[in-house]
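Data block below; observations after.
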Amino acid sequence: EIKCERASLLRSSAQESTSLRMTSAIASAQKTCDYLDKNGDIDMQDAIGIVLKHCPSERVAKNSNLGEIAKDKKGNVNMGSIAALHSNIIKGVANYQAAQGRIERL
């Protein structure tokens, strides 16, 4: 029984960790969107709009302390940095759903 409790705690901890990573990536998408609304061209605004459509709506928050604007190594927002953010969100959502599924099987 102790092994089951320990396994349950580990799975719960894994879900919390994946949830935080996913929420942070979504907050980054929102911050990048806000930045591009003020500073970006229409193509990049469209691209970040697509990224936001892949975010679970209940996780998108306007005022979050998490996340950061998706910039490249030179400090610029471009299609490459938006694509990397999109990839992180897709992975984050998949990992969160997998962790949630493991907990539900208990």
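Computed from the coordinates by the stated procedures, all read-outs in this text should not be read as laboratory data. These figures come from a predicted structure and were not determined experimentally. Using ideal geometry, Cβ is built from the backbone for each residue, glycine included, and neighbour counts are taken over all protein chains shown.
Label zone (Asp41, point 7 Å along Cα-to-C-beta; backbone nitrogen cut-off 14 Å) within the stretch 76-92: 77-80. The peptide list 30-41, 67-78, put in order of mean Cβ contacts within 10 Å with the highest first, becomes 30-41, 67-78.
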